[in-house]
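Here's the structure we're looking at; comments come further down.
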Amino acid sequence: MERVKSGVPGLDEILNGGVPKNQLILITGTSGTGKTILGTQFLYSGAKDFNENSVFLSFEEPSDLIKENCKQFGWNIDSLEKQGKFAFIRYDPYRIEDVFDILESTIREVGASRVLIDSISALGLYVRDKTELRSMIYNLSRILRKLNCTAMIVSEIVHGTEPRISRYGVEEFVSDSVIVMYYERIDSVFNRAMQVWKLRGSSHSQKLHPYNISKKGIFVDHLSEAFIKGT
């Protein structure tokens with residue numbers, strides 16, 4: 001299986017070599033776990049370090065706010081945009097009809113091979129029917145595969161709905177692979193942990209691994225094991 005480097009220290013190790021190329025990877029977790037940071041780090045590193053242009057499709061935050069947040073990690077998105085290596089699409093989920101056409105044309109224009117969709121949770125507020133949502137995610141994955149893209153989609157676990165690992169309970173079945181991010185309190189300390197829930201066509205770490213959000217982004221401690229209540 002061909003892999004691409006994630007650009008997230010320690011993540012490739014728990015994935016046994018990197019992110020499977022041309023797969024759709026679900027990044028899921030409760031609020032505050034750093035899902036968008038992980039996905040953006042994947043895009044930024046691809047465009048900056050691995051000559052893999054990137055597209056960020058947001059159903060939530062405007063690009064100016066995302067770029068401002070990136071500056072805290074030293075990620076200069078503006079520079080990559082000027083070089084034609086990075087593109088944002090900000091789309092209203094209530095006007096979903098032509099979003100896939102816009103996404104496809106932007107990917108072709110930029111020559112992108114990495115894509116982030118943030119988030120399916122916002123899209124699902126418009127697409128109420130689970131069967132329709134599943135069909136839309138499937139069609140999205142089909143388009144991305146056709147364009148030879150490796151993509152991450154973000155979903156959110158609502159507090160109190162565990163053990164379900166996505167907001168609507170369909171995202172993980174349509175995605176090729178799933179990474180779950182936890183942010184839980186043990187006694188008086190909050191702990192972050194990451195688990196590869198599934199990785200289609202490949203073995204992977206079966207353990208929970210601690211991770212940190214630093215001034216340079218996310219770092220996964222692939223050599224250590226984490227313990228989170230309820231997992």
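When K35, K82 are checked against the criterion of being touching a residue at least 60 places away in the same chain (Cβ under 8 Å) and of a type in the set (K, R), a single residue qualifies: K35. Pairs are defined by a Cβ separation below 6 Å, a sequence spacing of at least 6 or placement on different chains, a first member in the range 118-129 that is crowded, with 18+ Cβ neighbours inside 10 Å, and a second member that is acidic (D, E); the pairs so defined are I120/E171; S121/E156; A122/E60. Return the residues of the range 19-33 that are more than 10 Å from L199 (Cα to Cα) and open to solvent by 10 Å² or more (accessible area, probe 1.4 Å); say none if nothing qualifies. Selection gives K21, N22, S31, G32.
Here S203 clears all of (1) modelled with pLDDT under 90; (2) surrounded by fewer than 19 Cβ atoms within 10 Å (Cβ to Cβ) except the condition numbered (1). Taking the conditions exactly as written (of a type in the set (A, V, I, L, M, F, W, C) and open to solvent by 30 Å² or more (accessible area, probe 1.4 Å)), does F56 satisfy them or not? Against the criterion (of a type in the set (A, V, I, L, M, F, W, C) and open to solvent by 30 Å² or more (accessible area, probe 1.4 Å)), F56 does not qualify. Apart from one condition, K198 fits all of (1) part of a loop (DSSP other than H, G, I, E, B); (2) at pLDDT 90 or above; (3) of a type in the set (D, E, K, R); the exception is (1).
The residue that is nearest to F50 (Cα to Cα), counting only those in the range 118-160 that are of a type in the set (G, A, S) and part of a strand (DSSP E or B), is A151. Against the test of being out of contact with any helix residue (DSSP H, G or I) (no Cβ under 8 Å at 6 or more places or on another chain) and of a type outside the set (A, V, I, L, M), the options G124, G34, G18, G29 yield a single qualifying residue, G34.
Looking only at the range 209-231, filter to residues that are open to solvent by less than 20 Å² (accessible area, probe 1.4 Å) and modelled with pLDDT under 95; which one of those is nearest to S31 (Cα to Cα)? It comes out as I228. Tallying residues that are in a strand (DSSP E or B), open to solvent by 10 Å² or more (accessible area, probe 1.4 Å) and at pLDDT below 95 within the range 65-117 yields 2.
Could you run through the range 34-43 and say how many residues are buried (at least 22 other Cβ atoms within 10 Å of the Cβ) and farther than 16 Å from P210 by Cβ?
Here is the first cut: in the range 34-43, the residues buried (at least 22 other Cβ atoms within 10 Å of the Cβ) are 35, 38-43.
Restricting the remaining residues to those that are farther than 16 Å from P210 by Cβ gives 35, 39-43.
Result for the range 34-43: 6.
The values are calculated or read from the model by the stated rules, or taken from the named source; none is laboratory data. The model shown is predicted, which means the values in this text are computed figures rather than measured ones. Neighbour counts run over all protein chains shown; Cβ positions are idealised from the backbone, glycine included. Accessible surface is based on the protein model in full, side chains and every heavy atom, while ligands, DNA and RNA are left aside. Shrake-Rupley method; radii C 1.70, N 1.55, O 1.52, S 1.80 Å.
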